[in-house]
Structures are given as C-alpha cells and as structure tokens.
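Take a look at the structure set out below.
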Amino acid sequence: MFLCFGIACTNMIGTVYKSTGSWYLVKALDGTFYECRIKGKFRIIGIKSTNPIAVGDAVEFDLEQSNNKETGVINTIQTRKNYIVRKSVNLSKQTHIIASNIDQVFLLITVDNPPTSTSFIDRFLLTAEAYGIKAILLFNKMDITKGDSILNLNALIEIYSNIGYECLKISAKNGDNLEAVKSMMKAKTSMFSGHSGVGKSTLVNTIEPTLNLKTKAISEMHQQGQHTTTFAEMFDLSFGAHIIDTPGIKGFGVVDMDAAELDQYFPEMFALKTNCKFHNCQHLHEPKCAVKAAVSAGKIAASRYKSYLQILEGEEAHFRTDSYDTA
C-alpha cells in the first residue's frame, strides 16, 4: 500500500533495473520507473562491497521533489535470495555485486567453432552452485554440428543430465528449440553466458529482436569503462520474462573458494561424501574414498573428477573474471 501526502509518497516498493553508481533506475509495482538515490550508507552484514545496491534488488523507497522532478530515496533493501559478485579492481578485499535475485543462468556450449572444454563447463557450474543459481546448459549450433561432433555432444549431455542438469540442443541461427528456451524464461530473471563465438548475442537477439539496439547502445556506452565499475541493466521481454545484461563484464566467477567446501558444489561427489571413511575426505589419496571408487567404476565422469582436482590443487582456485562473456 502506498501512503501519499501532497507530493510525498512513502512505502514504495520496486526492483532495481539499472545502476550507474550513484543513481538507480527503479521500477515500482505499478510499472512506473523512478530515478532513485540512497541516503547515507548501506551496510550489509557479511558483504564487503563497493556497491550496496545491485540490479535485481527489491527495494523500498520514498518519493521526493528534486529540481522540479520526482525522484526516489531508497531506504531499505529487501533480503536477497542470491547474488553474484566479482572482485573490485582497486580494492582487492572488496567485491562488486554484479546482480541479485537471479532465477537461472544459461550456459551456451558448442563442441566446435569454438569448442567448449569440460573444465570450462565445470567451473561455470561450480560458480552457479556456489551462488545458489539454477544452471541450464544450451548446446548451440546444432545446424552445423555433424559426424563425430554429434557423438561428442551426446556424450557431454549424458554426463551432465545424469548429474541432474537440464540440457537442451538448440540452433540460435535457425531458431531450433528456441520456443522451449523462451518457455523456461517466462516469469523468471535470466542471464546468458558462454565463450565468445558460441552465439550468445545471436540467441538473445533472436529471442527478443527489439533488444538488439538497447544492448548495442549499452555496450558502446561502456567501452571505456571495462576495467572499472560496470553498470548492469535489466530488461523486460515481450513474453513475460526478464534478462540481466552486464556489458563489460567478461566473467561470472567465484571470488574465493575454501578447499574443504569444494566438493559440495559437485553434486554427484557431495552425494557420496558420507560414504567416505573420513568425514573431511578431499578425495585425493585418502583410503576408502567413495568418490574415487565411483570414478574408477565409471559412475562419476573422469572429466568431472579432473576438473575437481585442477580447482582443488590451485590451478583455478581463484577464478579469473575475463574467461567468458555474461549477459
């Protein structure tokens, strides 16, 4: 309920659609957009962040008159169900919140042109698990995937579908299965990620052609700021979905990862951990390890175990934020 007195209105609730550092574009429940600022400093327990408010945040704000214009003052951030971060460029001990309250992230994968490695897929899925965001794997360019590449693709799908991840074959160019993607997106907030060249932009623009000019304009606006604060933006799509675009950010990475917690982000390993002899088993050289036994028996994919070892042993302990594009 909104309580209005003259020109002032309190108890407004909305969603942050765009952040420019000091001002935020907020969409109220009635669909009206307001430019809002924050009053004072926001401190969120457990997060040392350079930006207190992020795109996707649900906020409460009051309206005021400023320079003959009605603007808002954000006074409350509602509890986030999740958020993703990257390290601050200038303050290594702080983070920059990319976006919050994301329902799902789609990873575009191609077996050729360019090839997507299993280690890349596994790092991505680890990140999504760590942030509590549902991940869906889209195997793109089916229109040009032939011969042995089909066998490799089907093998990948078998690995990840057996773990429990949703996998879908698509062609962004021909439109194959894109209605299924749109169906998954309805009434949800999504992001898309993938290596450069896998067809992310083609997919997004095919799903929502009118978004092309908007994303192009935003990308051009931020070309000079790729190594500083990056401004994300949310868009409403014509079929009742939302997408968060994060131009300039070429990564979707975990800032830090505790080695003792790593296996909980590999669902098939975590499910077997209680069967290991030692409760703190790291699945390396410990005797009677249920995970290593499952790998030997072919119940856990060798590629997944290899990715786990690479991360555990430090090769990918601190993920770079320039490994793949996110939108």
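The values are calculated or read from the model by the stated rules, or taken from the named source; none is laboratory data. Because the structure is predicted, anything quoted here is derived from the model rather than measured. Methodologically, a virtual Cβ is constructed for each residue, glycine included, from the backbone with ideal geometry; neighbour enumeration extends over all protein chains shown. Heads up: the accessible areas ignore ligands, DNA and RNA and are worked out on the full protein's heavy atoms, side chains in. Shrake-Rupley method; radii C 1.70, N 1.55, O 1.52, S 1.80 Å.
Considering segment 175-217, and only residues there that are part of a helix (DSSP H, G or I), modelled with pLDDT of 95 or more and open to solvent by less than 60 Å² (accessible area, probe 1.4 Å), the residue that is nearest to A232 (Cα to Cα) turns out to be M185.
Within segment 88-105, if we keep just the residues that are part of a strand (DSSP E or B) and not small (G, A, S), the residue that is modelled with the highest pLDDT turns out to be Q104. Give the residue that is nearest to K200 (Cα to Cα), with candidates limited to residues of segment 121-171 that are assigned to a helix (DSSP H, G or I) and acidic (D, E). Here the answer is D122. Restrict the check to segment 74-87 and report whether at least one residue is at pLDDT 90 or above and more than 26 Å from K27 (Cβ to Cβ). The answer is no; no qualifying residue exists. Among the residues making up segment 275-286, those that are open to solvent by 70 Å² or more (accessible area, probe 1.4 Å) and without any contact (Cβ under 8 Å) to a residue 12 or more places away in the chain are F278, H279, H285. If you check S117 against the conditions, is it small (G, A, S), within 24 Å of I244 (Cβ to Cβ) and out of contact with any strand residue (DSSP E or B) (no Cβ under 8 Å at 6 or more places or on another chain)? Here the answer is no, as S117 does not meet what is asked. The requirement of being more than 25 Å from L262 (Cβ to Cβ) and acidic (D, E) is satisfied by D148.
Within segment 70-87, residues that are small (G, A, S) sit with their Cβ atoms under 9 Å from residues that are modelled with pLDDT of 90 or more and open to solvent by 60 Å² or more (accessible area, probe 1.4 Å), at 6+ positions apart or across chains, in these pairs: G72/E35; G72/R37.
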